[in-house]
Every structure is written in C-alpha cells, then in structure tokens.
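All remarks here apply to the structure that follows.
The values are calculated or read from the model by the stated rules, or taken from the named source; none is laboratory data. On a predicted model such as this, the values are computed, not experimentally measured, just so you know. Here the Cβ positions follow ideal geometry from the backbone for every residue, glycine too, while neighbour counts run over all protein chains shown.
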Amino acid sequence: MKTQEEITALSATDKFSFLCAKENSCFNQCCANLNQLLTPYDILRLKNALNMDSGEFLKEYCVQYNGQETGLPVVSLKPDYKNELSCPFVSELGCKVYKDRPASCRLYPLARMASRNRETGKITEYFALIKEGHCKGFERGKEYTSKEWIKNQNAEEYNRINDYMIQIVGIARGIEPATFDESIKNIFAMTCYDIDKFKMFISKDDFKGNEIAKSLGYKDEIFKDDETALLLFGLDYIKAALLRIKDK
Ligand code: SF4
Ligand code: SF4
C-alpha cells in the first residue's frame, strides 16, 4: 500500500542513501497504484525490450489521452485494474523490463525537473527526494548525490532525450488547445509514440517533398539502423510543425 510522501529539494552536493532490494519488506509496493506517464524514449526502449512493434505495444500496454497542459496526446502505462492497479511488468521477482524500465522508475526516489534557456538552449536541472512512508530503501545502501544516482541508474541517456520534450511542450503551451484538431493530434501521437508507424510514414515518396522535412535536411537513408536518431528527427519535425502552427 502506498503511503504519504515527503518531498525535499536537493542541492548539487546533497547526498542520500538508498538501496532497493528484494529483501526489503516493501519489495514491489512502488509498482502498484500505477500512474506512469511514458516519454517517447521510454516507449522506444520498452517496445524493443519486448520485441514488439510500437503500435502493438501501445495497444497492449498503454492508454492515450489528451494532456491537460497542452491538449496534445500523452501516453501512460495501462495498470492491471484487477490487481491493485499494478504495473503490467511487475512480477514476484521484480521488474520484468528492468534493463529498459522507464526514466521515472530509474530515477526513483529522485525527482528531476529541468528547464531550458530560450536564448542559449542550456538545460538547468533541479532535484528533489521523494520519501514515501512504505519505502524502506532509505534505511540502507550507499550515499549518492543526484548526479551519482543518475549515473548509477544509467539514466543519463533517458534525460538527454527526454529533455527534447521541454521545448515541444513550451511551444505547445503557447498555442490554443482547440487549434489541435484530430489530424494534428494523430501526427503528434504517431511521431512521438509510434515510431514504427512514423518509419513507414517517412519512407513514402510524398514525405521527401515535405517542406518541414526538407528544412530539416531529411535524407531517407539516415535513420536506417538508428531508432534513437529517428526519434530525435521526429521530435525536431514536431517542433518545427508546432512552430508553424504558432506563427500562423
Ligand atoms: S525499496 Fe522503495 S523502490 Fe525499492 S521496492 Fe521498496 S518501495 Fe520500491
Ligand atoms: S516498469 Fe518496472 S520498475 Fe517501473 S513500475 Fe513497472 S515493474 Fe515497476
């Protein structure tokens, strides 16, 4: 059962002790009562870990709805409604997708907020520690600063790619949500979350004449074997498309 949480801001040098282990009496409790938003990179990693097409993954494991902030689609993991709203990937032995678990699972009990300077593009990070009453991880383990914890959890690449969304959300916030009709929402959802469908979309001949694609220097051989590069291209594509809508 999840309990009340205490959130404490952390400076760059503040340290905390943590060890999540099967021996902890709370094992797996944090994977119930799920409210797990997924980023585009979370989805890419999970669908590959499960050897699934992104469309199949979204259908089987996710729910999609319009985000409150922007009105654009967001995706979260579909909890098991018959079993304490548990994550579909939790088992008695722990997380079944541990190597490819989402960024927020990696960072826990750390919360990371990031802002982007409009002129320089520089990202500034802020950290806080989330202490939930049921979590026994704080009672043992090594000491870490926020940066050390991120490295220990192999979350650096996740943060780097997830930070692309800051600018996209910032642009979308400046657009009246009613502007986003179903066709814009569908393109957004495909580009951000359904990478295998996006791959098909950009392989069609008419995409090569697409004005935004041309302005981004698109060449169809670039992303052949690199889905992360394809995702980043997709996010640049969405950013450019939103800027056009905003400037209309
Ligand atoms: S120690 Fe905390 S993070 Fe680890 S299983 Fe227990 S509740 Fe979850
Ligand atoms: S993905 Fe893994 S760590 Fe994250 S909530 Fe699900 S089972 Fe727990």
For region 28-41, the count of residues that are buried (at least 16 other Cβ atoms within 10 Å of the Cβ) and out of contact with any helix residue (DSSP H, G or I) (no Cβ under 6 Å at 6 or more places or on another chain) equals 8
Just one listed residue, out of 131, 96, is within 15 Å of ligand 1 (Cβ to nearest atom) and touching a residue at least 60 places away in the same chain (Cβ under 8 Å), and it is 131
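Listed here are the residues, each with its yes/no results for (1) in the same structural domain as residue 97 (by TED's automatic domain parsing); (2) closer than 20 Å to residue 234 by Cα; (3) under 22 Å from the mean Cα position of the chain (by Cα).
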position	(1), (2), (3)
122	yes, no, yes
125	yes, no, yes
134	yes, no, no
143	yes, no, no
159	no, yes, yes
180	no, yes, yes
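Determine whether residue 10 is crowded, with 16+ Cβ neighbours inside 10 Å, over 30 Å from residue 178 (Cα atoms) and of a type outside the set (Lys, Arg).
On the way: crowded, with 16+ Cβ neighbours inside 10 Å: yes; over 30 Å from residue 178 (Cα atoms): yes; of a type outside the set (Lys, Arg): yes.
Yes; evaluated as a whole, the condition is true for this residue.
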In region 100-124, anything touching a Lys or Arg at 6+ places or on another chain (Cβ under 9 Å), within 10 Å of ligand 2 (Cβ to nearest atom) and of a type in the set (Lys, Arg) is listed as 101
Residues in region 127-155 that are part of a helix (DSSP H, G or I), away from ligand 2 (no atom under 16 Å from the Cβ) and closer than 15 Å to residue 23 by Cβ total 2
Condition set more than 16 Å from ligand 2 (Cβ to nearest atom) and of a type in the set (D, E, K, R), scope region 6-45, selection farthest from the chain's Cα centre (by Cα): answer is 23
Restricting region 68-85 to residues that are part of a strand (DSSP E or B) and not small (Gly, Ala, Ser), the one surrounded by the most Cβ atoms within 10 Å (Cβ to Cβ) turns out to be 75
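Within region 214-226, how many residues are touching a helix residue (DSSP H, G or I) at 6+ places or on another chain (Cβ under 6 Å) and crowded, with 17+ Cβ neighbours inside 10 Å?
Residues meeting the conditions: 1.
Which members of region 18-66 meet the condition of being hydroxyl-bearing (Ser, Thr, Tyr), at pLDDT below 95 and touching a strand residue (DSSP E or B) at 6+ places or on another chain (Cβ under 7 Å)? Full working, then the answer.
Step one: filter region 18-66 for residues hydroxyl-bearing (Ser, Thr, Tyr), giving 25, 39, 41, 54, 61, 65.
Remaining after also requiring at pLDDT below 95: 25.
None; the set is empty.
Yes or no: residue 59 loosely packed, with under 14 Cβ neighbours inside 10 Å and either in a loop (DSSP other than H, G, I, E, B) or on the phi < 0 side of the Ramachandran plot (or both)?
Values: loosely packed, with under 14 Cβ neighbours inside 10 Å: yes; either in a loop (DSSP other than H, G, I, E, B) or on the phi < 0 side of the Ramachandran plot (or both): yes.
Yes, satisfied.
Could you list, in sequence order, all residues of region 6-41 that are closer than 22 Å to residue 90 by Cα, within 16 Å of ligand 1 (Cβ to nearest atom) and assigned to a strand (DSSP E or B)?
Residues of region 6-41 that are closer than 22 Å to residue 90 by Cα, as a first pass: 18-41.
Still in the running and within 16 Å of ligand 1 (Cβ to nearest atom): 18-36.
Answer for region 6-41, where residues must be closer than 22 Å to residue 90 by Cα, within 16 Å of ligand 1 (Cβ to nearest atom) and assigned to a strand (DSSP E or B): just 18.
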Among the residues that make up region 171-185, is at least one of them in a helix (DSSP H, G or I), touching a Ser or Thr at 6+ places or on another chain (Cβ under 8 Å) and acidic (Asp, Glu)?
no
Contact list, first residue from region 189-200 and acidic (Asp, Glu), second anywhere and in a helix (DSSP H, G or I) and at pLDDT 95 or above, beta-carbon distance below 7 Å, six or more apart or interchain, is 194/54; 194/55; 194/58; 196/54; 196/55
Selection over region 143-181 where residues are within 15 Å of residue 241 (Cβ to Cβ) and of a type outside the set (A, V, I, L, M, F, W, C) yields a count of 6
